Amino acid sequence: MRLIGFPLPSLFTIVISVIGRTEPLRYYAEKIGLNIGVAIKETYITGNNQTHNNLVRTEFNTIVCENAMKAQNIAPAQNSYNFSAADQVVNFALQNQMKVRGHTLVWYNQNPSWLSGGSRQSLLSNMKYHIEKVMGHYKGKFYHWDVVNEAFADEGGGYRSCPWYTIIGEDYIDSAFVYARRADPGCKLFLNDYNNSYINDKSTAIYNKVKKMLENGIPVHGVGFQCHERTSKMTPELFGRIKENFDRFAALGLEIAITEIDIRTESGSNAKVQAEVYATFLRVGMSMPKFTTFMIWGVRDQDSWTGAEQNALIFDNSFRPKPAYDSLLAVLKYPTSLLPVDRRAHYLTQLGDLVFNPANNTVRVNDPLLNRPAVLEMFDLRGARMAKVTLRANYPLPLSSMKTAPGTAVIKAPGTTMRRISVVGR
Ligand code: G3I
């Protein structure tokens, strides 16, 4: 139990403990290294809406501007970029130890006329200028950028018809990523789209494109799955349908991010079904080897681009958490959900305790009931196994002997709670 705001235990904190106060989404997400985020309407931040801002900073550790960084807003004219609204959101995020995703640099929509008109050469040079200007302004501050957004046609597996594609050609995407890499070499670069959660013509076209980009040395690091979905998608097969699609992108070594999720509540369904859909997307993500980010596209139902009547988000119009919130919290609180499904039951049925000693970088399974060799496994932050060793219960094992690269990892032994650790070297 984390006790916030009371330097010493008091009667009040004890009462809170007894009634089992629940920690926010952010608290559990950070335990497992997940970026749980929300799209922000900048007017709430710039207007200093305290109720909104307190909820955002408490529940989320990541922010994306819903609109403030779109070209039409940030670059109304080539010689007058206006970063003020976006800057306020970024400052709010950084002051509250939140990460920022950039959205978006090259899009078919919301472009000022100076940016997306002209010849192939002028379009490429405008694109380069815009990317350098915006990414340069935020250099070193963002961990992800949606470099190209919604480049694919809804039907038929082709590219979306837009000036970038029609005038430059398919390679506008490659150019954008190369310019972006040069503008902020430390930032992960994403190709983001919607209607790509399952295997279909569109997601296959995206898959083929990123595969080709990787083969050609184009610096793409991840695919964004927007996941604007509906409650009618909830079937027993949903988990598997998403996973079989995400798996093929992960097999390319790409990071997977859920970048804009919202779930419309269709007539005949209810908030419980919506909660199941949200939870299913999160569970699939958490079963992926490189899944870092789960972003919800807005705070309250009435803030959603889908319209208040769709009830698509996880807070109601009075900022109260809905069942969808509870379902996400439950997935985050349940640490074994990081593991592939087939291994979870096994871990849950056993007892034990895992003790990590950072002083000498050793770990031991401390279990008086289990005085026999135990299996200790190490996973990367999204659940892919990095190492597996058998050790005797109660004997310290140097982590260096697990022969993994230095970095952050999660260790787990049967029946124990997962521990996030830093591996300091071989
Ligand atoms: O800025 C004007 C404002 O001055 C005016 O008072 C108001 C009146 O309606 O309109 C304002 O602009 C609107 C803007 O949202 C801010 O509310 C635009 O007309 C409207 O088109 C814009 O919609 C946004 C849409 O993208 C288009 O940019 C939505 O809020 C935003 O949620 C939506 O987000 C997109 C992602 O960027 C990409 N993926 C799909 C997702 C949903 O469509």
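Just one of (1) part of a loop (DSSP other than H, G, I, E, B); (2) open to solvent by less than 10 Å² (accessible area, probe 1.4 Å) fails for ASP262. It is (1). Pairs linking a residue in the stretch 106-119 that is in the same structural domain as ALA153 (by TED's automatic domain parsing) to a residue that is within 14 Å of the ligand (Cβ to nearest atom) and open to solvent by 60 Å² or more (accessible area, probe 1.4 Å), with Cβ atoms under 6 Å and 6 or more positions apart or on different chains, are GLN110/GLN72; PRO112/GLN72; PRO112/PRO76.
Kindly indicate whether SER232 is without any contact (Cβ under 8 Å) to a residue 60 or more places away in the chain, within 16 Å of the ligand (Cβ to nearest atom), assigned by TED's automatic domain parsing to the domain that holds GLY298 and not β-branched (Val, Ile, Thr).
On the way: without any contact (Cβ under 8 Å) to a residue 60 or more places away in the chain: yes; within 16 Å of the ligand (Cβ to nearest atom): no; assigned by TED's automatic domain parsing to the domain that holds GLY298: yes; not β-branched (Val, Ile, Thr): yes.
Criteria not met by SER232.
Among the residues of this structure, TYR44 counts as one that is open to solvent by 30 Å² or more (accessible area, probe 1.4 Å), within 16 Å of the ligand (Cβ to nearest atom) and of a type in the set (Phe, Trp, Tyr).
Any residue at all in the stretch 84-107 that's in a loop (DSSP other than H, G, I, E, B) and exposed (fewer than 15 other Cβ atoms within 10 Å of the Cβ)? Checking the stretch 84-107: at least one residue is in a loop (DSSP other than H, G, I, E, B) and exposed (fewer than 15 other Cβ atoms within 10 Å of the Cβ). Looking across the stretch 47-81 at every residue that is open to solvent by 50 Å² or more (accessible area, probe 1.4 Å), away from the ligand (no atom under 16 Å from the Cβ) and part of a loop (DSSP other than H, G, I, E, B), the one that is nearest to PHE294 (Cα to Cα) is identified as ASN48.
Of everything in the stretch 166-197 that's of a type in the set (D, E, K, R) and touching an Asp or Glu at 6+ places or on another chain (Cβ under 7 Å), which residue is surrounded by the fewest Cβ atoms within 10 Å (Cβ to Cβ)? Once the filter is applied, the top-ranked residue is LYS188.
What residue, of LEU313, LEU252, is in the same structural domain as THR231 (by TED's automatic domain parsing), open to solvent by 10 Å² or more (accessible area, probe 1.4 Å), part of a loop (DSSP other than H, G, I, E, B) and not small (Gly, Ala, Ser)? Within the list LEU313, LEU252, the selection yields LEU252.
When the residues of the stretch 172-194 are narrowed to those that are in a loop (DSSP other than H, G, I, E, B) and within 17 Å of the chain's Cα centre (by Cα), which ends up farthest from PHE142 (Cα to Cα)?
Restricting to residues being in a loop (DSSP other than H, G, I, E, B) and within 17 Å of the chain's Cα centre (by Cα), the top hit is TYR194.
Regarding the stretch 143-154, can at least one residue be identified that is in a loop (DSSP other than H, G, I, E, B), away from the ligand (no atom under 16 Å from the Cβ) and either acidic (Asp, Glu) or closer than 27 Å to ASN195 by Cα (or both)? Yes, that holds for at least one residue. Just so you know, in the stretch 382-426 the residues that are out of contact with any helix residue (DSSP H, G or I) (no Cβ under 9 Å at 6 or more places or on another chain) and of a type in the set (Lys, Arg) include one that is modelled with the highest pLDDT, and it is ARG385.
The values are calculated or read from the model by the stated rules, or taken from the named source; none is laboratory data. Not measured: the values here are computed from a predicted model. All Cβ positions, glycine included, derive from the backbone under ideal geometry; neighbour counts span all protein chains shown. SASA here: full protein model, heavy atoms, side chains in, ligands and nucleic acids out. Shrake-Rupley method; radii C 1.70, N 1.55, O 1.52, S 1.80 Å.
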